[in-house]
Amino acid sequence: MTTTTGTMTSTRSLSYIALFAAVIAVFGLIPKIDLPFGVPITLQSLGIMLVGCLLGPKRAFYTVGLLLVAVALGLPLLSGGRGGVAVFVAPSAGFLLGWLLGAVVCGVSMRQFMKRMPDAKGKGLLIAAFLSSLIGGIVVMYFFGILGLMLAAHLSATQATLAVLAFVPGDLVKCAVCAILVQSVVRGMPSWRLDRD
(Lines give C-alpha, C1' and ligand atoms only; values in the text may rest on other atoms or scores of the structure.)
Protein backbone atom coordinates (compact mmCIF):
# COMPACT_ATOMS: atom_id res chain seq x y z
CA MET A 1 0.00 0.00 0.00
CA THR A 2 1.45 3.37 -1.00
CA THR A 3 1.55 6.00 1.74
CA THR A 4 0.69 9.64 1.17
CA THR A 5 4.28 10.61 2.00
CA GLY A 6 5.59 8.05 -0.49
CA THR A 7 3.26 9.36 -3.20
CA MET A 8 4.32 12.96 -2.51
CA THR A 9 7.99 11.99 -2.63
CA SER A 10 7.47 10.09 -5.88
CA THR A 11 5.55 13.02 -7.42
CA ARG A 12 8.25 15.45 -6.29
CA SER A 13 10.95 13.24 -7.80
CA LEU A 14 9.13 13.04 -11.14
CA SER A 15 8.70 16.82 -11.10
CA TYR A 16 12.43 17.35 -10.47
CA ILE A 17 13.35 14.86 -13.21
CA ALA A 18 11.12 16.60 -15.77
CA LEU A 19 12.20 20.09 -14.65
CA PHE A 20 15.93 19.39 -14.82
CA ALA A 21 15.64 17.57 -18.15
CA ALA A 22 13.97 20.75 -19.42
CA VAL A 23 16.78 22.87 -17.93
CA ILE A 24 19.40 20.85 -19.82
CA ALA A 25 17.36 21.22 -23.01
CA VAL A 26 17.06 24.99 -22.47
CA PHE A 27 20.84 25.23 -22.07
CA GLY A 28 20.96 23.72 -25.56
CA LEU A 29 19.25 26.83 -26.95
CA ILE A 30 22.42 28.81 -26.28
CA PRO A 31 24.45 28.70 -29.50
CA LYS A 32 27.18 26.07 -29.67
CA ILE A 33 30.75 26.63 -30.78
CA ASP A 34 31.81 24.03 -33.36
CA LEU A 35 35.31 22.60 -33.14
CA PRO A 36 37.15 21.02 -36.13
CA PHE A 37 36.95 17.44 -34.81
CA GLY A 38 33.15 17.38 -34.62
CA VAL A 39 32.45 17.94 -30.91
CA PRO A 40 30.82 21.30 -30.12
CA ILE A 41 31.32 23.42 -27.01
CA THR A 42 27.90 23.78 -25.36
CA LEU A 43 26.45 24.91 -22.04
CA GLN A 44 24.55 21.65 -21.61
CA SER A 45 27.38 20.02 -19.65
CA LEU A 46 26.70 22.59 -16.90
CA GLY A 47 23.19 21.16 -16.72
CA ILE A 48 24.65 17.67 -16.30
CA MET A 49 26.79 18.87 -13.38
CA LEU A 50 23.83 20.59 -11.73
CA VAL A 51 21.58 17.55 -12.12
CA GLY A 52 24.15 15.29 -10.46
CA CYS A 53 24.95 17.63 -7.60
CA LEU A 54 21.38 18.67 -6.81
CA LEU A 55 19.33 15.55 -7.56
CA GLY A 56 21.62 12.71 -6.56
CA PRO A 57 22.71 9.71 -8.61
CA LYS A 58 19.39 7.94 -9.12
CA ARG A 59 17.33 10.94 -10.17
CA ALA A 60 20.26 12.26 -12.22
CA PHE A 61 20.32 8.96 -14.14
CA TYR A 62 16.59 9.20 -14.87
CA THR A 63 16.83 12.89 -15.81
CA VAL A 64 19.64 12.49 -18.32
CA GLY A 65 18.16 9.19 -19.52
CA LEU A 66 14.84 10.94 -20.21
CA LEU A 67 16.62 13.65 -22.18
CA LEU A 68 18.63 11.17 -24.24
CA VAL A 69 15.56 9.06 -25.03
CA ALA A 70 13.77 12.19 -26.21
CA VAL A 71 16.80 13.06 -28.37
CA ALA A 72 16.87 9.53 -29.82
CA LEU A 73 13.19 9.89 -30.72
CA GLY A 74 14.11 12.90 -32.83
CA LEU A 75 13.41 15.87 -30.58
CA PRO A 76 15.97 18.62 -31.33
CA LEU A 77 17.08 19.07 -27.71
CA LEU A 78 20.83 19.12 -28.19
CA SER A 79 22.68 22.35 -28.79
CA GLY A 80 22.21 23.57 -32.35
CA GLY A 81 18.82 21.85 -32.63
CA ARG A 82 20.32 18.39 -33.05
CA GLY A 83 18.36 15.23 -32.39
CA GLY A 84 17.68 11.76 -33.77
CA VAL A 85 19.62 8.51 -33.75
CA ALA A 86 22.43 9.96 -35.89
CA VAL A 87 23.84 11.96 -32.95
CA PHE A 88 24.62 8.68 -31.19
CA VAL A 89 27.09 7.66 -33.90
CA ALA A 90 28.64 11.10 -34.39
CA PRO A 91 32.07 12.01 -32.95
CA SER A 92 30.31 13.59 -29.95
CA ALA A 93 28.45 10.34 -29.11
CA GLY A 94 30.94 9.41 -26.40
CA PHE A 95 30.15 12.62 -24.58
CA LEU A 96 26.43 11.77 -24.59
CA LEU A 97 27.13 8.48 -22.81
CA GLY A 98 29.49 10.46 -20.59
CA TRP A 99 26.59 12.76 -19.70
CA LEU A 100 24.61 9.86 -18.30
CA LEU A 101 27.42 8.33 -16.28
CA GLY A 102 28.98 11.70 -15.43
CA ALA A 103 25.73 12.92 -13.85
CA VAL A 104 25.55 9.74 -11.77
CA VAL A 105 29.16 10.12 -10.62
CA CYS A 106 28.55 13.80 -9.78
CA GLY A 107 25.63 12.65 -7.64
CA VAL A 108 27.57 9.88 -5.90
CA SER A 109 30.49 12.22 -5.20
CA MET A 110 28.23 14.96 -3.83
CA ARG A 111 26.44 12.49 -1.58
CA GLN A 112 29.74 11.20 -0.19
CA PHE A 113 31.03 14.70 0.50
CA MET A 114 27.81 15.78 2.19
CA LYS A 115 27.59 12.67 4.35
CA ARG A 116 30.97 13.65 5.76
CA MET A 117 29.91 17.28 6.33
CA PRO A 118 26.09 17.38 6.45
CA ASP A 119 25.91 20.96 7.76
CA ALA A 120 28.22 22.47 5.12
CA LYS A 121 26.85 25.74 3.78
CA GLY A 122 29.80 28.00 2.94
CA LYS A 123 33.23 27.21 1.57
CA GLY A 124 32.88 23.49 2.32
CA LEU A 125 29.75 23.24 0.18
CA LEU A 126 31.38 25.18 -2.65
CA ILE A 127 34.40 22.88 -2.60
CA ALA A 128 32.23 19.74 -2.48
CA ALA A 129 30.12 20.85 -5.44
CA PHE A 130 33.17 21.99 -7.43
CA LEU A 131 35.02 18.70 -6.87
CA SER A 132 31.91 16.63 -7.62
CA SER A 133 31.44 18.55 -10.87
CA LEU A 134 35.11 18.10 -11.70
CA ILE A 135 35.02 14.34 -11.11
CA GLY A 136 31.74 13.60 -12.91
CA GLY A 137 31.52 16.52 -15.30
CA ILE A 138 35.11 16.52 -16.53
CA VAL A 139 36.96 13.29 -15.65
CA VAL A 140 34.11 10.87 -16.43
CA MET A 141 32.67 12.80 -19.38
CA TYR A 142 36.09 13.29 -20.95
CA PHE A 143 36.91 9.60 -20.56
CA PHE A 144 33.87 8.61 -22.62
CA GLY A 145 34.32 11.57 -24.95
CA ILE A 146 37.85 10.43 -25.75
CA LEU A 147 36.64 6.88 -26.39
CA GLY A 148 33.94 8.23 -28.70
CA LEU A 149 36.45 10.27 -30.68
CA MET A 150 38.73 7.26 -31.00
CA LEU A 151 35.88 5.12 -32.37
CA ALA A 152 33.86 7.61 -34.43
CA ALA A 153 36.57 10.00 -35.62
CA HIS A 154 39.30 7.33 -35.82
CA LEU A 155 41.72 9.35 -33.68
CA SER A 156 44.49 7.81 -31.63
CA ALA A 157 44.24 8.04 -27.84
CA THR A 158 46.80 10.84 -27.84
CA GLN A 159 45.05 12.78 -30.61
CA ALA A 160 41.65 12.41 -28.92
CA THR A 161 43.04 13.47 -25.55
CA LEU A 162 44.73 16.52 -27.04
CA ALA A 163 41.52 17.40 -28.90
CA VAL A 164 39.39 17.52 -25.73
CA LEU A 165 41.88 19.77 -23.94
CA ALA A 166 40.11 22.66 -25.69
CA PHE A 167 37.17 22.05 -23.34
CA VAL A 168 39.11 22.19 -20.07
CA PRO A 169 39.14 25.97 -19.36
CA GLY A 170 35.43 26.38 -20.10
CA ASP A 171 34.47 23.29 -18.15
CA LEU A 172 36.43 24.45 -15.10
CA VAL A 173 34.40 27.67 -15.24
CA LYS A 174 31.23 25.54 -15.45
CA CYS A 175 32.34 23.62 -12.33
CA ALA A 176 32.69 26.93 -10.47
CA VAL A 177 29.31 28.17 -11.70
CA CYS A 178 27.72 24.85 -10.70
CA ALA A 179 29.20 25.15 -7.19
CA ILE A 180 27.82 28.68 -6.80
CA LEU A 181 24.37 27.61 -8.04
CA VAL A 182 24.30 24.60 -5.71
CA GLN A 183 25.20 26.82 -2.76
CA SER A 184 22.50 29.32 -3.80
CA VAL A 185 19.85 26.58 -3.94
CA VAL A 186 20.83 25.27 -0.49
CA ARG A 187 20.76 28.76 1.00
CA GLY A 188 17.45 29.61 -0.65
CA MET A 189 15.86 26.23 0.14
CA PRO A 190 17.29 25.03 3.50
CA SER A 191 15.21 21.83 3.31
CA TRP A 192 17.02 20.72 0.14
CA ARG A 193 18.99 17.57 1.04
CA LEU A 194 22.25 16.92 -0.76
CA ASP A 195 23.18 13.77 1.16
CA ARG A 196 20.43 11.49 -0.17
CA ASP A 197 18.28 10.82 -3.21
| query | Which one of ALA128, VAL168, VAL64 has its Cα pushed farthest toward the positive end of the charge dipole of the chain, where Lys and Arg give +1 and Asp and Glu give -1 at the Cβ? | reply | ALA128
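In region 138-197, what trypsin sites (Lys or Arg not before Pro) fall in a loop by DSSP, with at most 16 other Cβ atoms inside 10 Å? Intermediate values should be presented prior to the final figure.
On the way: sites: LYS174, ARG187, ARG193, ARG196; in loops: ARG193, ARG196.
Passing both the DSSP loop test and the Cβ count: ARG193, ARG196.
Using a probe radius of 1.4 Å on heavy atoms only, what accessible surface per residue do you get for the chain? Whole Å² is fine. Can you show the working numbers first?
Working: 9670 Å² over 197 residues.
About 49 Å² of surface per residue is accessible.
Per-residue ellipticity at 222 nm for the chain, helices alone: DSSP H runs ≥ 4 residues times -39500 (n - 2.57), over residue total, nearest 500 deg cm²/dmol?
Working: 7 runs with 130 residues, N = 197.
That comes out to -22500 deg cm²/dmol.
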| message | In whole percent, and with a 1.4 Å probe on the protein chains, what portion of the accessible area of the chain is carbon and sulfur? | response | 73
| note | Taking Cα atoms only, helix 44-72 is inclined relative to the longest principal axis of the chain by an angle, in degrees rounded to 10, of 50
| message | For the chain, take the longest principal axis of its alpha carbons; what is the angle in degrees between that and the long axis of helix 93-116, to the nearest 10 within 0 to 90? | response | 30
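The values are calculated or read from the model by the stated rules, or taken from the named source; none is laboratory data. These figures come from a predicted structure and were not determined experimentally. Note that each Cβ is placed from the backbone with ideal geometry, even for glycine, and that neighbours are counted across all protein chains shown. Heads up: the accessible areas ignore ligands, DNA and RNA and are worked out on the full protein's heavy atoms, side chains in. Shrake-Rupley method; radii C 1.70, N 1.55, O 1.52, S 1.80 Å.
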